[in-house]
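Below: one structure, written as structure tokens.
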Amino acid sequence: MTKSTIQLTVLTIVLILAQGIVFNHICLFGVAVPLVFIYALLKLPVTLTVNWVLTIGFAIGLSVDIFSDTYGMNALACTLLAMCRRPVLRLYMPRGEEPADPVPSSASIGRSVYLKYLVTLTLLFCIFIFVIESFTFFNIWRLILRIICSAVLSVALMLGLDCLFSRRREKRL
Amino acid sequence: MRDILNFLIRSSNWILFAVYVIASCILLFSTNPFQHHVYLTSAGAVASTVYRTSNTVTGYFALRDINEDLQRRNADLEMQLLGLQQQLRDQRLQLYADTMTVDTVLSRYSFIIANVINNSINRSHNYITLEKGSADGLKPEMGVVDQNGVVGIVNVTGEHTARVISVLNPYLRLSCKVKGNQHVGSLQWDGKRHDVALLEELPRHVKFKIGDTIVTSGFSTAFPEGVPVGTVISAQKDGDDNFYSLKVRLFTDFSTLSTVRVIVDAMTEELRTVEQDITESRRKMN
């Protein structure tokens, strides 16, 4: 329990720093921004209570906000995402089935369920963040393009992260 | 009483959710950027330390472009120098006739050089973080330029860091004019491309050509008159036909910003007190 907690904490801090230093400055073709830090939120154990998920989500969002000078934008989007996490998981998981490992991954909840979970939540997050951001400028086609491109890029990067971690775990075994 | 407690415990998820949403909305909709607290910005202690460390590495990435810019600027200045030397030689001949001594006027403006440690161009509201702060003499509302043109205005200052509202931020409206005449319009970013901004509210009778230079008007204490901003690339009539709005290609390349100069105006205080006197006397008259 403690080991996985420490692992998650380190992962969260590293992701927030990476988002602030590297990913925030990437903007492919002027539309796709990788939003990778939500990986930390998606990887929280299923067994964690909603209150904790909300608190951690808000804290992660606020720290990313501080790095990118976007007052409350990421905090709001992360809080909304934290609230959506459980309903989305319930939607895809077969009823009454408990995952072997509380941390959602392709090994613990099945590849297709995990992929659906990842894509849905990333898309939701991109919708939240770009809709909040575009309160002042409203250009619907550009907005949709940004949402889709960013979601695709983020999912691709997060799947890459997944491969990185799962391979390491296999080696250790 | 117990019912209330039970209710609170049962719906604690939603209550917590509402609290966080309200907290982030308060942050999000406190639209006046001047009221933001320094600890919640990139000029705060933790964020600025991280950015400073990362800048020691990434500061080298854009050197090639910056070098080119500097060389171009250097060439321009050398050309100007040659021209001025020629003029000086001509004038010195004339001055022999006059007994007037040439005064050096005490300059009103001075500069503070600062490193950029964080910068964004892809958001709808962009900010820049500098490595110098109030301890180095920076104050909010000072203008920031680089070797090419206008960059932004200082917004929040920490002790050793400061946050600048970039020109690429719709909160910033800059009073500008077409070089060579006195009619003023206001420059604002439209959120689309990081090298183009709009000069709005320019009166209809102003004469200009595509390719004309846009400079600052000097109506604020942030920038002196005539700091280059960009060139006109296209023009269109505003909604009511009485004003032009010009598309301006900015001289400053915001994607490779690394060293900037903060403009210190020695007359800021004086101007402020004078303007305050005017508003006060006007209030008394009313």
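For the reader, a short list of remarks on this structure follows.
- Within region B:176-218, if we keep just the residues that are under 30 Å from A:PHE29 (Cβ atoms) and of a type in the set (A, V, I, L, M), the residue that is surrounded by the fewest Cβ atoms within 10 Å (Cβ to Cβ) turns out to be B:ILE210.
- Restricting region A:3-38 to residues that are more than 14 Å from chain B (Cβ to nearest Cβ), assigned to a helix (DSSP H, G or I) and of a type outside the set (S, T, N, Q), the residue that is farthest from the chain's Cα centre (by Cα): A:LYS3
- Residue in region A:37-46 that is among the small types (Gly, Ala, Ser) and touching a Cys at 6+ places or on another chain (Cβ under 8 Å) present: no
- Restricting region B:182-203 to residues that are in contact with a strand residue (DSSP E or B) (Cβ under 6 Å, 6 or more places away or on another chain) and not in a strand (DSSP E or B), the residue that is nearest to the other protein chains (Cβ to nearest Cβ): B:ASP190
The rows are residues; the columns are (1) at pLDDT below 85; (2) part of a helix (DSSP H, G or I); (3) under 17 Å from the mean Cα position of the chain (by Cα); (4) surrounded by 13 or more Cβ atoms within 10 Å (Cβ to Cβ).
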position: A:ILE129; (1), (2), (3), (4): no, yes, yes, yes
position: A:PHE135; (1), (2), (3), (4): yes, no, no, no
position: A:ARG142; (1), (2), (3), (4): yes, yes, no, yes
position: A:CYS149; (1), (2), (3), (4): no, yes, yes, yes
position: A:LEU153; (1), (2), (3), (4): no, yes, yes, yes
position: A:LEU157; (1), (2), (3), (4): no, yes, yes, yes
position: A:ASP162; (1), (2), (3), (4): yes, yes, yes, yes
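- Residue check for B:THR221: at pLDDT below 80 and surrounded by 17 or more Cβ atoms within 10 Å (Cβ to Cβ): yes
- Unmet requirement for A:MET83, which otherwise passes all of (1) away from every other protein chain (no Cβ under 11 Å); (2) part of a helix (DSSP H, G or I); (3) surrounded by fewer than 22 Cβ atoms within 10 Å (Cβ to Cβ): (1)
- Residue list for region B:6-24, restricted to those being over 42 Å from the mean Cα position of the chain (by Cα) and part of a helix (DSSP H, G or I): B:ASN6, B:PHE7, B:LEU8, B:ILE9, B:ARG10, B:SER12, B:ASN13, B:TRP14
- Sole residue being on the phi > 0 side of the Ramachandran plot and without any contact (Cβ under 8 Å) to a residue 24 or more places away in the chain, chosen from A:GLY61, A:GLY72: A:GLY72
- In region B:240-284, the residues that are in a helix (DSSP H, G or I) and of a type in the set (A, V, I, L, M): B:LEU271, B:VAL274, B:ILE278
- Residue match in region B:42-55 (condition: of a type in the set (A, V, I, L, M, F, W, C), over 21 Å from B:THR259 (Cα atoms) and either at pLDDT 80 or above or surrounded by 15 or more Cβ atoms within 10 Å (Cβ to Cβ) (or both)): no
- Qualifying residue in region B:25-38 (condition: at pLDDT 80 or above and not basic (Lys, Arg)): yes
- Counting residues in region B:120-139 that are more than 14 Å from chain A (Cβ to nearest Cβ), hydroxyl-bearing (Ser, Thr, Tyr) and in contact (Cβ under 8 Å) with a residue 60 or more places away in the chain gives zero.
- Residue match in region A:1-14 (condition: buried (at least 21 other Cβ atoms within 10 Å of the Cβ) and farther than 19 Å from B:THR129 by Cα): no
The values are calculated or read from the model by the stated rules, or taken from the named source; none is laboratory data. Just so we're clear, the structure is a prediction, and the values are computed from it rather than from any experiment. In this analysis, Cβ positions are derived from the backbone assuming ideal geometry, glycine residues included, and neighbour counts consider all displayed protein chains.
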